[in-house]
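First up is the structure itself, then whatever we jot down about it.
The values are calculated or read from the model by the stated rules, or taken from the named source; none is laboratory data. The shown structure was predicted, so the numbers you read here are calculated from the model rather than taken from an experiment. Because the Cβ atoms are built from the backbone with ideal geometry, glycine has one as well, and the counts that use them run over all protein chains shown. All accessible areas refer to the heavy atoms of the entire protein, side chains included, with ligands and DNA or RNA removed. Shrake-Rupley method; radii C 1.70, N 1.55, O 1.52, S 1.80 Å.
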Amino acid sequence: MVASQLAKRLGLTVVGMAGSDEKVRYLVDELGLDAAFNYRTAASLEDALKKHCPEGIDIFFDLVGERYWTPP
């Protein structure tokens, strides 16, 4: 939460991912992220990231520590 809020304060576009639709709504509605998606229901993580980040990703912050996606 803190990383996303700091990024927003710096004027960055912030896209989050969560494991439930409820958490996705929280990220957007409560924390003010620009977009978020449910990685459990996305057809593919790579496609979801391309959809929400069409110009690419400059910073990828993963607190979970598992490998979901490998940057190109």
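Only one of (1) surrounded by fewer than 18 Cβ atoms within 10 Å (Cβ to Cβ); (2) touching a Gly at 6+ places or on another chain (Cβ under 7 Å) is not met by Lys23, so which one is it?
Among (1) surrounded by fewer than 18 Cβ atoms within 10 Å (Cβ to Cβ); (2) touching a Gly at 6+ places or on another chain (Cβ under 7 Å), Lys23 violates only (2).
What residue, among those in the range 9-20 that are over 9 Å from the mean Cα position of the chain (by Cα) and open to solvent by 30 Å² or more (accessible area, probe 1.4 Å), is nearest to Leu63 (Cα to Cα)?
It comes out as Ser20.
Which of (1) surrounded by 12 or more Cβ atoms within 10 Å (Cβ to Cβ); (2) more than 18 Å from Leu63 (Cβ to Cβ); (3) modelled with pLDDT of 95 or more does Ala42 not meet, given it meets every other one?
For Ala42, the exception is condition (3).
How many residues are open to solvent by 30 Å² or more (accessible area, probe 1.4 Å) and either within 14 Å of Ser4 (Cβ to Cβ) or more than 12 Å from the chain's Cα centre (by Cα) (or both) when one looks only at the range 28-39?
Within the range 28-39, residues that are open to solvent by 30 Å² or more (accessible area, probe 1.4 Å) and either within 14 Å of Ser4 (Cβ to Cβ) or more than 12 Å from the chain's Cα centre (by Cα) (or both) number 5.
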